[in-house]
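To start, the structure under review is shown below, and the notes come after it.
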Amino acid sequence: MSATAAERPRARVTTTGLAAMKAAGEPVVMVTAYDAPGARLVEAAGVDVILVGDSLGMTVLGHASTLPVTMEDMLRHTAAVARSTDRALLVSDMPFMSYQVSVAEALRNAGRFLAEAGAHAVKIEGGAQMAELVGALTGAGIPVMGHVGLTPQSVNLFGGYRMQGRDAVSALRLVDDCLALEAAGAFAIVLELVPAELAQLISEELSIPAIGIGAGAGCDGQVQVFHDILGLGDFTPRHAKRYAEVGTAITSAVAAYAADVRSGAFPGEAQSAHLDPEVVATLERALPRTDGEV
Ligand code: KIV
């Protein structure tokens with residue numbers, strides 16, 4: 001008797017598996033996670049790809065942008081996520097200035113994500129100008145996910161977090177960027193803040209999956225930031241849908257705990273442990289007090 005789908009061991013999602021998903025018309029589900037509990041929760045939900053995004057600079061570390069995020073930040077958080085997952089493909093963002101200075105430095109830094117932190121692939125921002133680097137990384141056995149459109153590490157060039165590819169010239173440039181990344185060996189490309197028609201056209205042009213965020217429904221998959229879809233941040237971008245109000249639930253729970261501590265309702269009997277009466281008696285004899293209590 002053959003095993004049912006639920007009984008079969010869950011195979012790890014691979015970069016080549018994503019291409020097969022695209023060929024089969026199966027949408028790729030990708031979400032960010034930054035720590036062990038978050039990784040366990042999104043893995044249990046059955047996502048295909050977990051991205052340790054450099055968005056952790058804002059969502060977790062309290063920075064105003066992704067620019068201050070370091071290699072050490074990314075490696076530490078990637079390792080925490082890697083220890084807590086066994087099915088999803090794990091992709092890590094290379095932080096600002098870890099891959100732009102030279103191909104040699106980029107190779108050394110990218111290798112650390114796979115060798116030290118347990119990632120399966122890295123993501124880098126940028127279009128055709130990154131093709132040479134994508135070729136070098138894949139040539140060294142490091143799978144690369146591209147990222148075009150609004151690339152947050154270039155926010156100062158764009159003058160804000162704005163939709164990209166709105167006119168024909170910049171739209172065609174984005175198509176060329178994606179084709180160059182695909183030709184160089186990228187296994188998937190994130191399209192961030194790109195008009196829906198353009199994102200669909202790019203998805204149709206590529207044989208690798210185009211994964212959208214704020215890029216409409218015509219992509220081969222979608223990626224969202226954990227904090228945005230769970231209501232954990234102070235701000236929800238227009239492209240995100242809140243599937244839960246976890247932030248409000250946490251604040252209410254912690255407020256209830258605080259009220260119980262202040263009223264004496266916590267801890268109760270269920271959360272307390274007691275000494276054996278003989279030990280109490282010994283302590284009372286050793287520490288006699290006027291009220292006779294230990
Ligand atoms: O850092 C990140 O979370 C990302 C996603 C927005 C794609 O790059």
Output for the range 142-157, where each listed residue is β-branched (Val, Ile, Thr) and either surrounded by fewer than 24 Cβ atoms within 10 Å (Cβ to Cβ) or under 11 Å from MET94 (Cα atoms) (or both): ILE142, VAL144, THR151, VAL155
Output yes when any residue across the range 198-207 is in contact with a Cys (Cβ under 8 Å, 6 or more places away or on another chain) and under 13 Å from MET130 (Cβ atoms), and no when none is. no
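Here is a yes/no grid of residues against (1) surrounded by 18 or more Cβ atoms within 10 Å (Cβ to Cβ); (2) closer than 14 Å to ALA121 by Cα:
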site	(1), (2)
GLY62	no, no
THR66	yes, no
THR70	no, no
MET74	yes, yes
PRO95	yes, yes
Report, by residue number, each residue of the range 197-211 that is small (Gly, Ala, Ser) and closer than 16 Å to ARG162 by Cβ. ALA199
Go through VAL223, VAL254, VAL261, VAL280 for me and flag whichever is modelled with pLDDT of 95 or more, closer than 22 Å to GLY160 by Cα, of a type in the set (A, V, I, L, M, F, W, C) and out of contact with any helix residue (DSSP H, G or I) (no Cβ under 7 Å at 6 or more places or on another chain). VAL223
Of all residues in the range 233-251 being modelled with pLDDT of 95 or more and of a type in the set (Lys, Arg), the one that is surrounded by the most Cβ atoms within 10 Å (Cβ to Cβ): ARG242
Being of a type outside the set (Phe, Trp, Tyr), at pLDDT below 95, farther than 16 Å from LEU51 by Cβ and more than 22 Å from the chain's Cα centre (by Cα) narrows GLY139, GLY159, GLY165 down to just GLY159
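Of the residues THR59, THR70, only one is more than 11 Å from the chain's Cα centre (by Cα), modelled with pLDDT of 95 or more and of a type in the set (Ser, Thr, Tyr); which?
THR70 is the lone residue from the list that is more than 11 Å from the chain's Cα centre (by Cα), modelled with pLDDT of 95 or more and of a type in the set (Ser, Thr, Tyr).
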Being within 29 Å of GLN200 (Cβ to Cβ) and loosely packed, with under 15 Cβ neighbours inside 10 Å is true for just one of ALA33, ALA20, ALA11. Which residue is that? ALA20
Which residue is nearest to the ligand (Cβ to nearest atom), if the candidates are limited to the range 29-54 and must be in a helix (DSSP H, G or I) and of a type outside the set (Val, Ile, Thr)? GLY38
Can you find a residue that is closer than 20 Å to PRO37 by Cα, of a type in the set (Asp, Glu) and either at pLDDT 95 or above or out of contact with any Lys or Arg (no Cβ under 7 Å at 6 or more places or on another chain) (or both) anywhere in the range 94-114? no
Against the definition (within 16 Å of the ligand (Cβ to nearest atom), of a type in the set (Asp, Glu) and farther than 30 Å from ALA249 by Cβ), how does ASP220 come out, yes or no? yes
So, ILE211, is that one within 25 Å of TYR34 (Cβ to Cβ), in contact with a Cys (Cβ under 8 Å, 6 or more places away or on another chain) and in contact (Cβ under 8 Å) with a residue 60 or more places away in the chain or not? yes
Any hit, the range 126-136, residues being out of contact with any helix residue (DSSP H, G or I) (no Cβ under 6 Å at 6 or more places or on another chain) and under 21 Å from ARG12 (Cα atoms): no
Looking at (1) closer than 24 Å to GLY111 by Cβ; (2) more than 11 Å from the ligand (Cβ to nearest atom), can you tell me which one GLY57 breaks? (2)
State which residue is farthest from ILE50 (Cα to Cα) when the search covers only the range 223-232 and only residues that are in contact (Cβ under 8 Å) with a residue 24 or more places away in the chain and more than 10 Å from the ligand (Cβ to nearest atom). LEU232
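The values are calculated or read from the model by the stated rules, or taken from the named source; none is laboratory data. Keep in mind that this is a model prediction, so the values were computed, not measured. Ideal geometry is used to build each Cβ from the backbone, glycine not excepted, and the neighbour counts take in all protein chains shown.
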